[in-house]
Amino acid sequence: MAIRKVAVLGHPVLRKVADPIPEKQITSEPIQSLIQDMVETMFEYDGRGLAAPQIHVSLQLVVMLWDFDEGVDPYLKVLINPEIEPLTQETSTVGEGCLSLPGLRGDVTRSNWIKVRALNEKGERIGFEAKSFAATVIQHECDHLVGKLYIDRMTDLTRLAFSKEYGRYLSEGTELGGGTPEA
Ligand code: NI
């Protein structure tokens, strides 16, 4: 296991469309090591989620800490080749942070109820629904797999700020106050 360096804004890998992982390769040693490295890197950088392109690997793989269910201990969720389908027209606006844009935060409006289909770390098909903050994090991560960053989704760049200033001047009245941890 190893902590990998995180690619930041400007690195071309963050703008590439990532390749899907062939189902049969998921349980192979290189992919399993990659998953372990991503988890270790996410924790090292205090992230909530991490997509493979953020560690310079252009594959459709996301790891995230799932701590959205009340009364359930946080656990790791691995999403491989994920697909998202919005289940509502309703949206949430959240101050998002990203490990690839360290120290910044910006408001993004996204669907607040989605259906997710993916493969997990064992290569099993999984499907689940995510709402609110969980839906935001998943959409943020899946954007990394198609070369998009949250700033591309912003409609008002006056809502982009350094985290401290965001918390001080922009968080009032927004959903989730200070915004999300970086992901
Ligand atoms: Ni991110």
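Each reported figure results from applying straightforward, stated rules to the coordinates on display, with no laboratory input. The structure presented is a predicted model; accordingly, all values stated were derived computationally and were not measured. Glycine gets a Cβ as well: all are built from the backbone with ideal geometry, and neighbour counts include every protein chain shown.
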- Just add up the charged neighbours of GLY147: K/R +1, D/E -1, any other residue whose Cβ is under 15 Å from the Cβ of GLY147. 0
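How much net charge surrounds ALA51 when only other residues with a Cβ under 9 Å from its Cβ are counted (Lys, Arg +1; Asp, Glu -1)?
Values: positive: none; negative: GLU141, ASP143.
Net of charged neighbours comes to -2.
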- Query: What angle do you read, to the nearest 10 degrees and between 0 and 90, between the alpha-carbon axis of helix 29-44 and the longest principal axis of the chain?
  - Reply: 30
- Task: Would you mind counting up the charge near PRO181? Only other residues with Cβ under 13 Å from its Cβ, with Lys and Arg at +1 and Asp and Glu at -1.
- Result: -3
- Item | Note, ³J(HN,Hα) from phi for region 14-22, Karplus 6.51, -1.76, 1.60, rounded to Hz, x at Gly and Pro | 6, 10, 8, 7, 6, 7, x, 9, x
- Item | Length-normalised contact order for the chain - Cα pairs under 8 Å, 6+ apart - percent | 25
- Note on the structure: Relative to the chain, whose Cα atoms define the longest principal axis, helix 132-144 and its Cα axis are tilted in degrees, nearest 10, by 60
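How large is Rg over Rh for the chain, taking Rg from the Cα atoms and Rh as the Kirkwood inverse mean of 1/r across Cα pairs?
Details: Rg = 15.6 Å, Rh = 16.5 Å.
My calculation of the ratio gives 0.95.
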- Between region 114-176 and region 1-65, how many Å separate their Cα centres? 17
